[in-house]
1. For region 27-72, what are Rg and Dmax over the alpha carbons, in angstrom?
2. Leaving out ligands and nucleic acids, note down the accessible area per residue over the chain with a 1.4 angstrom probe, in whole Å².
3. Which whole-number value in Å³ per residue fits the convex hull of the alpha carbons of region 1-47?
4. Using Cα positions and a limit of under 26 Å, work out the lysines in reach of Lys62, with same-chain residues fewer than 8 apart set aside.
5. Using each residue's phi in region 4-10, evaluate 6.51 cos²θ - 1.76 cosθ + 1.60 at θ = phi - 60° and report the 3J(HN,Hα) Karplus result to the nearest Hz, with x for Gly and Pro.
6. Along region 67-72, what does the Karplus equation 6.51 cos²θ - 1.76 cosθ + 1.60 (θ = phi - 60°) give for ³J(HN,Hα), rounded to whole Hz, x for Gly and Pro?
7. How much FRET efficiency would the formula 1/(1 + (r/R0)^6) give for Tyr4 and Ile67, where r is the Cβ-Cβ distance and R0 is 22 Å, rounded to 0.05?
8. Mind putting a number on the dipole of the chain about its Cα centre? Charges go on the C-beta only, +1 for Lys and Arg and -1 for Asp and Glu, and I need it in Debye to the nearest 20.
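The values are calculated or read from the model by the stated rules, or taken from the named source; none is laboratory data. Since the structure is predicted, the reported quantities are computational estimates derived from the model, not experimental observations. Cβ atoms come from the backbone with ideal geometry, glycine included; neighbour counts cover every protein chain shown. What goes into the accessible areas is simple: the full protein's heavy atoms, side chains included, and nothing from ligands, DNA or RNA. Shrake-Rupley method; radii C 1.70, N 1.55, O 1.52, S 1.80 Å.
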Amino acid sequence: MGRYDKAEQFFIEAIEIAKNSIGENDPDYAIYCNDLGTLYIMMNQFVKAEPLLVNATAIWLKTSGEIHPDHATGLNNMGEL
């Protein structure tokens with residue numbers, strides 16, 4: 001537990017795979033950004049977390065709409081930040 005450095009590597013790799021396979025505007029891509037952003041919150045690296053969470057929330061808003069649970073997740077995590 002607490003192997004944040006290893007988790008970060010896995011999340012970054014997942015983001016790269018998703019970017020190359022499904023693109024940066026896909027809701028699943030947003031999940032990976034959100035997960036890495038959440039990890040950065042846990043690591044107290046808020047400057048790194050913010051752009052990832054903003055991006056994920058924007059993707060969800062655009063693809064799912066304002067009242068979708070995914071958008072609510074993004075807003076929740078922005079609030080945590």
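1. When restricted to the Cα atoms of region 27-72, Rg and Dmax are 10.4, 30 Å.
2. Result: 64 Å² of accessible area for each residue.
3. That works out to 70 Å³ per residue.
4. The reachable lysines, counting only those whose Cα sits under 26 Å from Lys62, are Lys19, Lys48.
5. After applying 6.51 cos²θ - 1.76 cosθ + 1.60, I find 4, 4, 5, 4, 4, 4, 5 Hz.
6. 9, 7, x, 5, 5, 4
7. E between Tyr4 and Ile67, to the nearest 0.05, is 0.05.
8. Using Cβ point charges on Lys, Arg, Asp and Glu, the chain gives about 120 debye.
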